[in-house]
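**Student:** Provided herewith is a single structure, encoded as structure tokens, for subsequent inquiry.
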Amino acid sequence: MTKNKLTGLLAASGILGLLLAPAALTSAQMDPIVIESWRNDDITIWQDVLIPAFNAQYPDIPVVFAPSAPAEYNAALNAKLEGGTAGELITCRPFDVSLGLFQAGNLASLNDLAGMENFSDVAKSAWITDDGADVFCVPMASVIHGFFYNTDAFSALGLEEPTTESEFYAVLDAIQADGTYAPLVMGTADQWESATMGFQNIGPNYWMGEEGRLGLIDGTAKYNEGGFLAAFEALSRWTPYLIDNYQGIAYPDAQSAFTLGLGAIYPTGSWEISGFEAQADFEIGAFRPPVPDGQEQCYISDHTDIAMGLNGNISDPARAEAARTFLSWVASEEFASLYSNALPGFFSLSNASVTLDNALAQEMLDWRGECESTIRSSYQILSRGEPNNETDLWTNSARLLNGEITAQEAADTVQAGLEAWYAPQQGG
Amino acid sequence: MRVLARGPRRKFPTHIIVFLAPAFLIYTVFMVYPLFDSLRLSLFAPDPESPQEETFVGFQNYQTLLTSEFSGPRVQGALQNNVRFFAIHMLVQNPIALLLATLLAGVARRTGAIYRTLIFTPTVLSFVLVGFIWSIILNPIWGIADDVLGLVGLDAAPWMGLPESALNTLGLISVWQFVGIPMMLFLVAIIGIPEEVIEAARVDGATSWGVFWRIKFPLILPTVGVVSVLTFVGNFNAFDLVYTMQGALAGPNFSTDLLGTLFYRTFFGFQLTPPSPTMGAAVAGIMFMIILTGVVVYLLGIQARLRQYEF
């Protein structure tokens, strides 16, 4: 039996040696650990930066990054998991997709993984069971919302970055009075920007971040009361400042309009940094969502987007251990710094302090130290039912900005949709 | 010949089966079976105990779709939009096609061929291409539509972004794309009318107007019927153009939502909405019933009464 196993191993390593000559040459003793991912854009970063950095510390653990196309990832991964051919490391989508994999046993619990202590509860919220008992992915990166502005426009008009709500509207009024630039560049045609770059961007300051979001989940907060209603009301004040004919402007149009210098302020997400800096011929500045006047504490949407987990079906303990070693490294400060610098705008979720070469990315990252982080209100648990909470937010935020409904009507509609199926909100 | 004649008198016509088999098999496997399987699926729902299993629930999916406080308005909205989309085609596309065909039938063959080709070209373009071209033309920032419409005194407007205008605009884009098909059908029918009939009418003193309404139009009525049914089936199956231009959410505020986009969102899911194959099958079932009813009404109620003239 041992002989058979040995022959098999030799044969396997022979075949792999042919297929993966460089990897097999550096370490003949183990087949590479395979990373499943949808980030095929990042393949060079993994091959040239991240994996070599890991191997500098752990030369005995070969790793290959094997991405599939983003749109096919979920289906391809499921097929591989069912067929038992999935890689040892699995890149995790946030919330229910990964939760489903964990519940089916395809992701292992990582509660005792060394390095998990480097992540806050918000960072882990997208990859944790509803009762908080099991974490199953190492958080990798988030995207942060805020506002970009055209520094040329601001200096021409003698404006400064606003920090409070009244300063924000004073700046918008000044830009509008001047008339050279559109004050706010955002369209409502695609609808999602209204919710994601609008409502979820400025909202956390009104609903006190996690306090409000968790309140919705346990039923103590409502969309049509308090902070959430205030967020809808704040959003409705954007209407007069939006670029002309914004109802017909789609996301790529708004992006181009801002980078071509037609507008002064762009409600944004940090993933835009690399694209915008390449396109715009003016310097881009960033300010965080304005706080209501008199409020000291600020809150930002620091939305969990990507993580990495351990395949729950690995039979060979040595390979599982090697994969866990890699995951611990993903949880380390070194990875946080390498990853955030390679992909400006995708910020490591680690508590470790990371310095970024990209000034704009660094500025947005610094907000984490100044404000409390939260994630988008509709992503955890609340979008499991019908009508879908996220879709309701898109539609009603867009209608609100289009002036079809009032903030109260938008809030009531979203709340009614949630109450229709979500038991904790039905108590009264 | 003799040898054949001496054979058994009524030999089973095997060749008919051979000739029918390919069409029968292909239709059965790829059309009939999936259709009935989809209708079957619409009577099931995921088991609440174990979501992987499906259990029989009768017409519950249809009941939920049509009567629930949240999906009811979506279905009604999509149905109303679809009816309006169909009306735009019947009132704009088909009369324009008839007009173009009448004009083209009267001009010299070579000139006619150029116009015919030009008008027919958009129908062979992909929806994605047409949607993209029109998105750019109508774009409020860099589109040319506002300049052109300014010439006739219309103010700039985000035509695709306002709930009042989006569906009409979309309908007209679809008309622009597809006017060539009914035009061709009408043209063929008009050309097929014998010259003698028209000449006889003229000798009797009929004007061009009279010739059209009393001779040509009654003679091409069967084609009008066929065009109407094709428009009906095509419009109630429409999806691509809306998806390309407005996305699966068919905004603003579902004002361009057709049954096709509603089906897509339900069956495949959308953003954080999980997919629901059984509910999606029920939407498809509703679409099937609507189209079936329309076609049956046409076949039994209208086509049977149309007179076919043989020359």
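Please treat every number below as a calculation from the coordinates, not as lab data. For clarity, every value in this text was computed on a predicted model and none was experimentally measured. Here Cβ is always computed from backbone atoms with ideal geometry, including for glycine, and neighbour counts include all displayed protein chains.
**Student:** Quick check: residue separation of A:L214 and A:R237 times 0.36 nm, minus the Cα distance between them. What number comes out in nm?
**Tutor:** Gain in length upon complete extension: 5.7 nm.
**Student:** A follow-up question, please. Mind giving me the FRET efficiency for B:E164 and B:W142? R0 is 30 Å, r the Cβ-Cβ distance, nearest 0.05 is fine.
**Tutor:** That pair, B:E164 with B:W142, gives E of 0.80.
**Student:** Can you give the helix-only mean residue ellipticity at 222 nm for the protein assembly as shown, where every DSSP H stretch with n ≥ 4 adds -39500 (n - 2.57) and the sum goes over all residues, rounded to the nearest 500 deg cm²/dmol?
**Tutor:** Computed mean residue ellipticity for the protein assembly as shown: -15000 deg cm²/dmol.
**Student:** How big is segment B:60-305 on each of its three principal axes, counting only the C-alpha atoms and giving the largest first in Å?
**Tutor:** For segment B:60-305, the Cα spread along each principal axis is 69, 48, 28 Å.
**Student:** Over 39 Å apart: what share of the alpha carbon pairs of the protein assembly as shown falls there, rounded to a whole percent?
**Tutor:** 49 percent
**Student:** What value does segment A:44-162 have for Rg/Rh, both radii from Cα atoms and Rh as Kirkwood defines it?
**Tutor:** 1.11
**Student:** Just to be sure I understand: if I project the alpha-carbon convex hull of segment A:309-414 onto a plane and average over all orientations, what area do I get in nm²?
**Tutor:** That works out to 10.6 nm².
**Student:** Amide H neighbours of A:E372 under 5 Å, at least 5 residues apart or on other chains, H built in the peptide plane: list them.
**Tutor:** HN-HN under 5 Å from A:E372: A:C298, A:Y299, A:I300.
**Student:** What do you get for Rg/Rh of chain A when both radii come from the Cα atoms and Rh is the Kirkwood radius? Before the final figure, lay out each step's value.
**Tutor:** Values: Rg = 23.5 Å, Rh = 23.1 Å.
Computed over Cα atoms, the ratio is 1.02.
**Student:** 5 Å is the cut-off here: which amide hydrogens, built 1.01 Å from N in the peptide plane, fall below it relative to A:G263, excluding neighbours closer than 5 in sequence?
**Tutor:** A:A182
**Student:** Moving on to the next point. With an 8 Å cut-off on Cα pairs and a minimum separation of 6 or more residues, tell me the relative contact order of chain B in percent. Show your work: numbers first, answer last.
**Tutor:** Working: 329 pairs, mean separation 73.3, N = 311.
Relative contact order comes out at 24 percent.
**Student:** Based on DSSP loop calls and a cut-off of at most 16 other Cβ atoms within 10 Å, the longest stretch of chain B free of exposed GluC sites (Glu not before Pro) is what?
**Tutor:** Formally, the longest exposed-site-free interval is B:165-309.
**Student:** First measure r as the distance between the Cβ atoms of A:Q297 and A:S155, then evaluate 1/(1 + (r/R0)^6) with R0 = 30 Å and state the FRET efficiency to the nearest 0.05.
**Tutor:** Computed FRET efficiency for A:Q297 and A:S155: 0.50.
**Student:** Continuing with the same structure: Roughly how large, in nm² to one decimal, is the mean projection of the convex hull of the alpha-carbon atoms in segment A:163-268?
**Tutor:** The orientation-averaged projected area of the Cα hull of segment A:163-268 comes to 6.9 nm².
**Student:** Per residue of segment A:286-296, in order, report the coupling 6.51 cos²θ - 1.76 cosθ + 1.60 (Karplus, θ = phi - 60°) as ³J(HN,Hα) in whole Hz, putting x for Gly and Pro.
**Tutor:** 9, 10, 7, x, x, 8, x, 3, x, 8, 7
**Student:** Once R0 is set to 51 Å, what does the formula 1/(1 + (r/R0)^6) return for the Cβ-Cβ distance between A:L260 and A:E370, expressed as a FRET efficiency to the nearest 0.05?
**Tutor:** Step by step, r from the Cβ atoms, then E = 0.95.
**Student:** Long-range amide H contacts for A:G309: which residues qualify at under 5 Å (H placed 1.01 Å from N, peptide plane, sequence gap of 5 or more or a different chain)?
**Tutor:** Under 5 Å from the amide H of A:G309: A:I90, A:T91, A:C92, A:V138.
**Student:** Using the number of other C-beta atoms within 10 angstrom as an exposure proxy, rank A:R39, A:R376 with the fewest first.
**Tutor:** A:R39, A:R376
**Student:** Based on the alpha-carbon gyration tensor of segment B:252-302, what equivalent-ellipsoid semi-axes (square roots of 5 times the eigenvalues) come out, in whole Å, largest first?
**Tutor:** 28, 14, 5
**Student:** Taking 0.36 nm per residue of separation and subtracting the Cα-Cα distance, what length does fully extending B:Q80 through B:I191 add?
**Tutor:** Gain on extension, B:Q80 to B:I191, equals 36.3 nm.
**Student:** If you don't mind, there's one more thing I want to ask. Across bins of 10 angstrom width beginning at 0, how are the C-alpha pair distances of segment B:168-267 distributed, in whole percent?
**Tutor:** Percent of Cα pairs in each bin: 14, 32, 22, 16, 11, 5, 0.
**Student:** Right, next: Could you give the nm distance between label points at B:I290 and A:N78, where each point is 7 Å from its Cα heading toward the beta carbon?
**Tutor:** Placing both labels 7 Å along Cα→Cβ, they lie 2.8 nm apart.
**Student:** Between B:Y115 and A:A133, what is the label-point separation in nm under the 7 Å Cα-to-beta-carbon projection?
**Tutor:** The answer from the label model is 7.7 nm.
**Student:** Another one. Quick one: what are the phi-derived ³J(HN,Hα) couplings along segment A:225-235, Karplus 6.51/-1.76/1.60 with θ = phi - 60°, whole Hz, x for glycine and proline?
**Tutor:** Rounded to whole hertz, the list is 9, x, x, 5, 4, 4, 5, 4, 5, 5, 5.
**Student:** Something else: Using θ = phi - 60° and the Karplus relation 6.51 cos²θ - 1.76 cosθ + 1.60, list the HN-Hα couplings for segment B:285-300 in order, rounded to whole Hz, with x at every Gly or Pro.
**Tutor:** 3J(HN,Hα) across segment B:285-300, in whole Hz: x, 5, 4, 4, 5, 4, 5, 4, 4, x, 5, 5, 4, 5, 5, 7.
**Student:** Could you check the simple spin-label distance between B:D240 and B:F19, using points 7 Å along Cα→Cβ, in nm with one decimal?
**Tutor:** Each label point is offset 7 Å from its Cα along the Cβ direction, giving 3.3 nm.
**Student:** Output the direction-averaged projected area (hull surface divided by four) of the convex hull of the alpha-carbon atoms of segment A:372-428, in nm².
**Tutor:** Over every viewing direction, the Cα hull of segment A:372-428 projects on average to 4.6 nm².
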